[in-house]
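In what follows, a structure is listed as structure tokens, so that the remarks can point back to it.
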Amino acid sequence: MDRAEIKDRVYRVISQVLKLEPGQIQEDHTFTVDLGAESVQSVELMAGFEEEFDIEMDEDEALQVQSVGSAIDFIARYLK
Amino acid sequence: MAAPKPWPLVEPQAPNLLDEQFDYRLPPKILFDGPLYEEIDGKVVRFDPQEALARDLVITDTTFRDGQQARPPYTVEQQVRLYDMLAKLGGPRGIIRQTEFFLYTKNDRKALDQCRALGHRYPEITSWIRADKGDFRLVVEAGVKETGMLTSCSDYHIFLKLKKNRRQAFEDYLGVVEAAWEAGVRPRCHLEDVTRADIEGFVLPFVAELMRRSEQVAPQMRAKVRLCDTMGFGVSFPGAALPRSIPKLIYRMTHDAGVPPECLEWHGHNDFHKVHINGASAWLYGCNALNTTLFGFGERTGNPPLEGAVIEYIALRGDLCGIDTRMIQEIAQYMRSAGVEIPPNYPFVGRDFNTTRAGIHAGGLRADERIYNIFDTAALFGRPPRVSITDKSGVDGVAIWVNEFLGLKGEERLNKIKVHKVARWVMDQYEVHQRTSAITDEELAVQVKEHLPEHYTRRAQSG
């Protein structure tokens, strides 16, 4: 799966969980400050990514990921 | 002023968890760097905690006497059951050394007889009577070897309550003590209101005479002295003045009146929230016995809590000393079943004593329970740390609750991602439905069943 496809699917999960239009999301946005994710939503995002990509992430590492772009790269590591 | 000493940061190879004091298997050990000092009569007096710890420090109990003055009477069956549990709690070394009973009603005497019939060596059974020579008949008939008796010593009590003068009180009290000896009973003089008394004008003359007369009797019959801080006025701060100073009061007793530590006992009240620390301080300054009641129930604001003294004892000794700490929970459970209310935040036994609500604390608890638990409460009390779920618990709190509920340990434990649907349900209760109460265990169990059905079924199957 190439990065562009991962990005599309990551945006889709973010828009569903945080109730945002995909156009409101940018790679350099941080989940908490720019996109307004609260504590539970951060965990819901991780759960959404796991389900979308059928992967199981390391929780501590996943919760360290701050921005959308970093999340794309982080997920890409699991899909190699 | 000289420049402050430089303090370079020390980075250890491994975390320094101060194990010498905070051995998680026991209540944190109380260590002393050196002696305690108090200025008395212009002299600096040294109290050595190590000397105190070398003495036979004990806990005594007055649950059935002062404890009953604060509540409707216990039934005979309740007293027998509690006595039996006190014996198990205190262990074979008799850390809970004595307990005292009233003798005035048939039920009082029946309870005493049935407790004695259990055959426990400890707690030894003693009694409590007014300072009335006629009451010795009850003591002798009950076969009790030691009795407490009222020897009130402040002018509030002597003049205003008893309507006597000091000389009359002095002679009457000594007369009752002599009567005890004549009856073959060891007297224990309860110096009521001692923290509001004239120490040099009445207390020292009386106690010194008591000790002088005690020299005429066998050592096991020597009069004991109970220092009764009847209104909770005692203070443990060094430098405080008599009669409120506990260090000075005890020093006066041991050095100026000749009371040996094994004959000296502290009995406090909690009117100023000082009851436990005053009792523990009395141990360190020269009293061997700390008088207590279960959960601190006693006249008005209560007495030193027995279970608090037990934990303090272990913390000072750094050893369980044969104490069965799990009995503390069993006794609390029994008291609750008898209708006694114990506040949820009450130390060691309250419902929430080791329950955390804040998400940030729950996160710490999830990482390592030692971060937010006082000691291994699962091992010592059979009560692992818990989280109570509210909007402040966060996903960390929910994860702990779910793992505890499912009985998952180590690698089996579910991470936060796995419990997110339960956490969402919790948050919606507050954010969407404006809930203001904590989520109950039953409600959470329903959510686990719905969102983690495989785990729920496995738990149900494993019983």
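The values are calculated or read from the model by the stated rules, or taken from the named source; none is laboratory data. Since the model is a prediction, treat every value here as computed from it, not as a measurement. Cβ placement follows ideal geometry from the backbone for every residue including glycine, while neighbour counts extend to all protein chains displayed.
Values computed for the structure shown
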{"read-out": "Condition met for residue B:446 (among the hydrophobic types (A, V, I, L, M, F, W, C) and either within 14 Å of another protein chain (Cβ to nearest Cβ) or part of a loop (DSSP other than H, G, I, E, B) (or both))", "value": "no"}
{"read-out": "Hits in the range B:218-232 - residues which are within 22 Å of residue B:255 (Cβ to Cβ) and in contact (Cβ under 8 Å) with a residue 12 or more places away in the chain", "value": "B:222, B:223, B:224, B:225, B:226, B:227, B:228, B:229"}
{"read-out": "Number of the exception - residue B:402 against (1) of a type outside the set (Phe, Trp, Tyr); (2) surrounded by fewer than 18 Cβ atoms within 10 Å (Cβ to Cβ); (3) within 14 Å of chain A (Cβ to nearest Cβ)", "value": "(2)"}
{"read-out": "Wholly enclosed helices (runs of 4 or more DSSP H) of the range B:247-365 bearing at least 1 residues under 13 Å from residue B:58 (Cα atoms)", "value": "B:275-285, B:306-317"}
{"read-out": "Long-range neighbours under 6 Å by Cβ, at least six apart or interchain, first residue within 15 Å of residue B:283 (Cα to Cα) and of a type outside the set (A, V, I, L, M, F, W, C) within the range B:293-313, second assigned to a helix (DSSP H, G or I) and modelled with pLDDT of 95 or more", "value": "B:304/B:275; B:304/B:276; B:304/B:279; B:305/B:295; B:305/B:296; B:308/B:276; B:312/B:280"}
{"read-out": "Given (1) touching a His at 6+ places or on another chain (Cβ under 9 Å); (2) more than 10 Å from every other protein chain (Cβ to nearest Cβ); (3) crowded, with 19+ Cβ neighbours inside 10 Å, index of the condition residue B:419 fails", "value": "(2)"}
{"read-out": "Meets criteria (at pLDDT below 95, under 27 Å from residue B:394 (Cα atoms) and surrounded by fewer than 21 Cβ atoms within 10 Å (Cβ to Cβ)) for residue B:376", "value": "no"}
{"read-out": "Residue that is out of contact with any Pro (no Cβ under 8 Å at 6 or more places or on another chain) and at positive phi, where the choices are A:2, A:28, A:60, A:54", "value": "A:54"}
{"read-out": "Filter result for residue A:42 (at pLDDT 95 or above, surrounded by 13 or more Cβ atoms within 10 Å (Cβ to Cβ), in a helix (DSSP H, G or I) and hydroxyl-bearing (Ser, Thr, Tyr))", "value": "no"}
{"read-out": "Within the range B:320-360, tally of residues that are closer than 11 Å to residue B:383 by Cβ and within 14 Å of another protein chain (Cβ to nearest Cβ)", "value": "0"}
{"read-out": "Count of residues meeting criterion [among the aliphatic types (A, V, I, L, M), in a helix (DSSP H, G or I) and either more than 11 Å from the chain's Cα centre (by Cα) or under 21 Å from residue B:360 (Cα atoms) (or both)] in the range A:1-39", "value": "1"}
{"read-out": "Any hit, the range B:392-399, residues being surrounded by fewer than 23 Cβ atoms within 10 Å (Cβ to Cβ), at pLDDT below 90, more than 13 Å from chain A (Cβ to nearest Cβ) and touching a helix residue (DSSP H, G or I) at 6+ places or on another chain (Cβ under 7 Å)", "value": "no"}
